[in-house]
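For reference, the structure is listed below as structure tokens.
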Amino acid sequence: MRYRATVEYDGTDFAGFQAQRPGIRTVQGELEAALSRLGNGVRQPVDGAGRTDAGVHALDQVIAFTFVGRMSAPRLEAALNGHLPPDVAIRDLRAVAPEFHPRRAARYREYRYTVWNGPRSPLRERTAFGVRAPLDVVAMARAGQVLEGRHDFKAFAAATDRPSVRTVHAVRVRRQGSLVTIDVRADSFLRGMVRRIVAVLLEVGRGTMTELEVREALAARQPARNGASAPAKGLCLRRVVLGRRPEATNGTDGDD
């Protein structure tokens, strides 16, 4: 039976979502190990809607897998959670068509980057980037709008020879007290794209970069701010929305 589920994880102690060589702890590896224990040792691949990097968290990652055992969806969900470590949990497990794949089914993805713009806070800064200098959130929001639409985002990607055109639906910057959030929604992302966007917007917030310079960096297609990237701990895959995408975005993927 083919199933899909939503996965939440604290990425602090993971080397990313995607399974790697033995001995490297990943979210996919933990999920596949838990399924193997429930399926008489049969290892089944777990497919994700996106491949988050080391240290990146997820509130709403979508996965799919084929389970060889005989168990109802509610029992399987409870059993899986019983075999998963404390920093990974699944919910909303349900049966799907045999051909379902979350990467191909994802209409868009939304990431949230969290900044703690206040005094040093060990608890808050486990999943947020601590920035002490005052930030001009209004200027950051204006600069973020420059990135909305369909563009070549090579300036905001890790070195790659893959196509770098993506459609960004929205960039939203908000403040609530000392908490600053940057939400980026797109059909898909290049590897490291969101954290590089955040690094540039933080420069705008500090007053060391202008909206015009952001526009010029995007057009130049060279590494913006020499490839500066915000720390992984502030980034979270907030949600994955499933559904049919416009044909123009088909074939893109979800490296994050």
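Overview of values
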| read-out | value |
| --- | --- |
| Nonlocal amide H pairs with G130, under 5 Å, H built at 1.01 Å | W116 |
| Cα Rg, Dmax, region 124-221, angstrom units | 13.3, 41 |
| Base-10 log of normalised Debye intensity for the chain (one unit scatterer per alpha-carbon) at q = 0.07, 0.13 Å⁻¹ | -0.25, -0.83 |
| Accessible-area composition of the chain, carbon plus sulfur, in percent [1.4 Å probe] | 50 percent |
| Positive minus negative residues near A217 (Lys, Arg vs Asp, Glu; Cβ under 14 Å) | 0 |
| Filtered trypsin sites (Lys or Arg not before Pro), region 74-132: DSSP coil and at most 14 other beta carbons within 10 Å | R120, R132 |
| T52 long-range amide H proximity, modeled H, under 5 Å | F17, Q18 |
| Solvent-accessible heavy-atom area per residue, rounded to whole Å², over the chain at 1.4 Å | 47 Å² |
| The chain: angle of helix 193-206 to the longest principal axis, Cα-based, in degrees nearest 10 | 30 degrees |
| Surface accessible to a 1.4 Å probe, Y108 within the full protein complex, Å² | 40 Å² |
| Karplus 3J(HN,Hα) series, Hz, for region 37-42 with 6.51 cos²θ - 1.76 cosθ + 1.60 (x for Gly, Pro) | 5, 8, x, 6, x, 7 |
| Unit charges at the beta carbon, dipole of the chain: most positive-side option, V27, A158, V204 | V27 |
| Choice from G130, G29, G69 showing the highest fluctuation, given a GNM over the chain with Cα pairs closer than 10 Å | G69 |
| Helix 73-83 vs. the chain, principal-axis angle (Cα, 0 to 90°, nearest 10) | 70 degrees |
| Amide H contacts of V165 (H built 1.01 Å from N, under 5 Å, at least 5 apart or other chain) | F153 |
| Euclidean distance between Cα centres, region 47-95 to region 144-216, Å | 29 Å |
| Signed unit charges on C-beta, dipole axis of the chain, positive-most listed residue T66, V214, L123 | T66 |
| Candidates S229, S121, S164: whichever shows maximal mean-square fluctuation once the chain is modelled as a Gaussian network with Cα springs under 10 Å | S121 |
| Value of [θ]222 nm, deg cm²/dmol, for the chain, DSSP H segments ≥ 4, -39500 (n - 2.57) each, nearest 500 | -7000 deg cm²/dmol |
| Cα centre as origin, Lys/Arg/Asp/Glu Cβ charges: region 128-218 dipole, Debye | 280 debye |
| GluC sites (Glu not before Pro) lying in DSSP loop within region 70-168, provided at most 11 other Cβ fall within 10 Å | E99 |
| Length released on extending from D13 to R162, taking residue separation times 0.36 nm less the Cα-Cα span | 50.8 nm |
| Karplus (6.51, -1.76, 1.60) ³J(HN,Hα), θ = phi - 60°, over region 162-171, in Hz, Gly and Pro reported as x | 7, x, 10, 7, 9, 10, 9, 7, 7, 10 |
| Angle between the chain longest axis and helix 211-220 axis [Cα atoms, degrees, rounded to 10] | 60 degrees |
| The chain - percent relative contact order, Cα under 8 Å, separation 6 or more | 24 percent |
| Computed magnitude of the charge dipole of the chain (debye, nearest 20; Cβ of K, R +1, Cβ of D, E -1) | 220 debye |
| Compactness relative to 2.2 N^0.38 Å, alpha carbon Rg of region 23-170 | 1.32 |
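The values are calculated or read from the model by the stated rules, or taken from the named source; none is laboratory data. This one's a predicted model, so the numbers in the text were calculated from it and none came from an experiment. Here the Cβ is made from the backbone with ideal geometry for all residues, glycine too, and neighbour counts use every protein chain on show. Heavy atoms of the whole protein, side chains included, go into the accessibility calculation; ligands, DNA and RNA do not. Shrake-Rupley method; radii C 1.70, N 1.55, O 1.52, S 1.80 Å.
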